[in-house]
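Q: The structure follows.
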Amino acid sequence: MNPKILPALISVVVSFIVLTVLSFFMTKFLLNSNQDFMTFFEEKWLLTLAIVVVFVGYKHFFSNRK
């Protein structure tokens, strides 16, 4: 088993939670939206997950840092 999978999975979960909550509050307060969290989550969860997976995957698997 690849030893990079567990840290990457933890990073995906934490990043997804933080990014979802942050984008909800940005939408709510900056755009004066009256949308509740569950409606927002149902509309945006797939896009947020895709962004998180791309960036965390790149950081953990394709970045050549030493």
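Q: Looking only at segment 40-63, which residues have a backbone nitrogen under 12 Å from a spot 7 Å from the Cα of Met26 in the C-beta direction?
A: The answer is 48.
Q: May I ask for log10 I(q)/I(0) of the chain at q = 0.18, 0.27 Å⁻¹, from a Debye sum over the Cα atoms as equal point scatterers with solvent left out?
A: -0.70, -1.13
Q: Here's a follow-up. Relative to the longest principal axis of the chain, what angle (0 to 90°, nearest 10) does the C-alpha long axis of helix 37-57 take?
A: Value to nearest ten degrees: 20.
Q: Then there's this: Cα axis of helix 5-30 to longest principal axis of the chain: angle in degrees, 0 to 90, nearest 10?
A: 20
Q: Using packing as a proxy for protection, rank 41-50, 11-20, 27-36 so that the peptide with the highest average count of other Cβ atoms within 10 Å comes first.
A: The most tightly packed comes first, giving 11-20, 41-50, 27-36.
Q: Eight or more residues apart or on different chains, and alpha-carbon atoms under 29 Å: count the Lys pairs in the chain matching that.
A: So the count works out to 5.
Bear in mind that the values in this text are calculations on the coordinates, not laboratory data. A quick note: this is a predicted structure, and the numbers were derived from the prediction, not measured. Don't worry about glycine lacking a Cβ; one is built from the backbone with ideal geometry, like all the others, and counts go over all protein chains shown.
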